[in-house]
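Here is the structure we will look at, set down as structure tokens.
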Amino acid sequence: MRPEELLNAMHVAERLKDTMRHCYTSGGRRESVAEHSWRMTLMAYFVSDEYPEADMEKVYKMCLIHDLGECFTGDIPVFKKQEADEQKEEELLYQWVSTLPEPFCSEMCALYEEMSARQTLEAKIYKAMDSLEAVIQHNESDIATWEPHEYELNRTYAYDRVAFSDYMQRLRAAIRQETEEKIEAGR
């Protein structure tokens with residue numbers, strides 16, 4: 001990638017540092033999309049020994065690029081996002097990706113297709129990390145920041161996304177235990 005192209009890509013990606021998510025950090029400020037992407041990539045690294053058959057480099061790439069569409073649309077919480085929102089985000093993302101030089105344009109398009117299909121082990125790991133990191137972040141935030149519907153959402157979210165793996169199911173159960181402890185302590 002030529003230096004000018006790299007700078008252009010970095011300027012777009014930088015937007016995720018200022019794109020705030022619905023979640024709060026344990027310190028009481030809104031979490032950025034960039035922070036979410038970084039931490040789920042770190043999570044993927046820490047579970048890599050559980051999946052020796054997986055191409056973990058591909059998983060890391062998926063985690064790093066998964067929310068780049070939010071550079072153009074902002075973050076919409078999962079419980080508010082509609083199909084039209086997803087289509088707009090995808091359209092704007094693919095328009096941008098098409099401006100990237102090879103091999104990045106083709107590689108990113110292929111990764112996004114694989115992520116969307118969620119058929120490969122790598123795509124399943126990435127999606128589990130995406131969902132579980134969000135629940136962990138909610139558990140770390142002050143319970144006063146939770147909306148009423150988030151109590152049940154934190155208890156039930158992502159079980160379908162971890163069903164492919166015994167390890168992920170155990171991780172989800174441990175996160176659920178933290179949720180129950182948080183709710184009980186907040187009463």
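List of remarks:
- Virtual spin-label span in nm between Glu181 and Glu50, 7 Å along Cα→Cβ: 1.8 nm
- Gap separating the Cα centres of region 1-80 and region 115-165, nearest whole Å: 15 Å
- Listed residue pairs exceeding 19 Å between alpha carbons, taken from Lys58/Lys88; Lys17/Lys124; Lys61/Lys127: Lys58/Lys88; Lys17/Lys124
- Net +/- balance of residues flanking His66 in space, Cβ distance below 10 Å, scoring K and R +1, D and E -1: -1
- Sites matching chymotrypsin sites (Phe, Trp or Tyr not before Pro) across region 7-89 that sit in DSSP coil, with at most 14 neighbouring C-beta atoms within 10 Å: Phe79
- 12 Å beta-carbon shell around Met56, net charge (K/R +1, D/E -1): -4
- Difference of contour (0.36 nm per residue) and Cα-Cα distance, Ala110 to Phe164: 17.2 nm
- Think of it as helices only: each DSSP H run of n ≥ 4 in the chain is worth -39500 (n - 2.57), and spread over all residues that comes to -20000 deg cm²/dmol at 222 nm.
- Looking at region 1-34, the trypsin sites (Lys or Arg not before Pro) that sit in a DSSP loop and have at most 12 other Cβ atoms within 10 Å of their own Cβ are Arg29.
- Judged by the gyration tensor of its Cα atoms, with axes a ≥ b ≥ c, region 30-173 is oblate; a/c meets the 1.5 cut and b/c is at least as large as a/b.
- Degrees between helix 56-65 axis and first principal axis of the chain (Cα, 0 to 90, nearest 10): 90 degrees
We did not get these values from a lab; they are worked out from the coordinates using the rules stated. Just so we're clear, the structure is a prediction, and the values are computed from it rather than from any experiment. Don't worry about glycine lacking a Cβ; one is built from the backbone with ideal geometry, like all the others, and counts go over all protein chains shown.
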